[in-house]
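Student: If you scroll down you'll find the structure; I have some questions about it.
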Amino acid sequence: MPVPSFPSSFNDEFPAGPDGQRAYVGLDVLRGLIAGVDQALEAHRQQRPSARRQGPVLIGVSPWLTDPELMRKLRELTCACIVITKQGRSKRDLEQLPELHELNAVTPGLPVEAFPDLIELAPHLDDEPVTVGPYDRVGELVIPTVRTLGFRRHASDSGYVPLMHAKLALLGDLWWHDEDALGYPADVIGFRARRLWVSSANFTLSSRASLEYGYWSADPALLEGMERFLLRLVAASEGLAGADEPAPQFLPVDYDDEALREVMAESEWEEDAEDE
């Protein structure tokens, strides 16, 4: 019996706004996401070598991630992080986990130091935030490429389980600078959003056979708002083997204010002593 399929007559591609972005409808709309990633990779290759441009980055969200081509593209990026809904424990779900674990093993993950919204995160200790003193460093955490969020559905569940159901991909690049915000010498990296992929299609191979839509946007307000949303998902995410209920792996650090005040007071005393 032949596999049912929609005709290709539904397929179309057209401009999405005045800034040169594209929209895709019909079958295989993931081709639009792949095309955007390829363009970012090619643009980076065509640039003059520069230590200040670190390369393309993708931050995304989708209920599932199984598309082989997209997973290969993630390996080519400078770094990436995609948050998916918690996978079930069925035979099919368990068969897909090794590929996700391998992707995490061979990709660099997302450095939180590039994102002010993430830079103070650290793995918690018994549900308590890590305490940071005056000589501790923050921002050294690297979050793996594939993360999970939400509730795990079991085969025996008869009720509704809310899904992390958005399908978005924010594409941008990492930059590097040798001065901090006050002009002092420092190694500083950051993220600059370039364009946003909005789609009805999951990041799965099977989505390519369904009628879907997807489009790119470079609207500044949309980029800013969706970056905040995606980083909140990353901050609340868990590993691939997370608990059945939401249990964020990271918490904002807790600063030891008393120790910080003591160090500042000692520094001021030493400065006063030098001036005498």
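The values are calculated or read from the model by the stated rules, or taken from the named source; none is laboratory data. Treat the numbers as computed from the prediction; the structure is a model and nothing was measured. Positions of Cβ are generated from backbone atoms using ideal geometry, with glycine treated the same way; all protein chains shown enter the neighbour counts.
Student: Sort through D19, D12, D38 and tell me the only one that's at pLDDT below 95, acidic (D, E) and surrounded by fewer than 15 Cβ atoms within 10 Å (Cβ to Cβ).
Tutor: D19
Student: Given the options D19, D38, name the one that is within 28 Å of P111 (Cα to Cα) and under 25 Å from the mean Cα position of the chain (by Cα).
Tutor: Going through D19, D38 in turn, just one is within 28 Å of P111 (Cα to Cα) and under 25 Å from the mean Cα position of the chain (by Cα): D38.
Student: I would also like to ask the following. Could you list all residues from the range 2-42 that are of a type in the set (A, V, I, L, M) and in contact with a Pro (Cβ under 8 Å, 6 or more places away or on another chain)?
Tutor: Listed by number, the residues that qualify are A23, V37, A40, L41.
Student: Taking the criterion of being surrounded by fewer than 16 Cβ atoms within 10 Å (Cβ to Cβ), within 20 Å of L33 (Cα to Cα) and out of contact with any strand residue (DSSP E or B) (no Cβ under 8 Å at 6 or more places or on another chain), would at least one residue in the range 78-101 satisfy it?
Tutor: no
Student: Could you tell me which numbered condition A51 fails, if it satisfies all but one of (1) small (G, A, S); (2) at pLDDT below 95; (3) assigned to a strand (DSSP E or B)?
Tutor: So A51 meets the others, but not (3).
Student: Give the range 117-126 a look and list any residue that's free of Cβ contacts under 8 Å to residues at least 12 places away in the same chain and either surrounded by 15 or more Cβ atoms within 10 Å (Cβ to Cβ) or assigned to a loop (DSSP other than H, G, I, E, B) (or both), or say none. Step through it out loud before you land on a result.
Tutor: Kept after step one, since they are free of Cβ contacts under 8 Å to residues at least 12 places away in the same chain, are these residues of the range 117-126: 125-126.
Passing the criteria: only D126.
Student: Sticking with this structure for a sec: For the range 48-79, which residues satisfy the criterion of being within 10 Å of D173 (Cβ to Cβ) and among the polar types (S, T, N, Q)?
Tutor: Hits for the range 48-79 are Q54, T78.
Student: For the range 205-227, which positions are of a type in the set (S, T, N, Q) and crowded, with 20+ Cβ neighbours inside 10 Å?
Tutor: S207
Student: Listed residues R137, R89; which is modelled with pLDDT under 80, in a loop (DSSP other than H, G, I, E, B) and touching a His at 6+ places or on another chain (Cβ under 8 Å)?
Tutor: On the way: R137 fails: touching a His at 6+ places or on another chain (Cβ under 8 Å).
Just a single option satisfies the conditions, and that option is R89.
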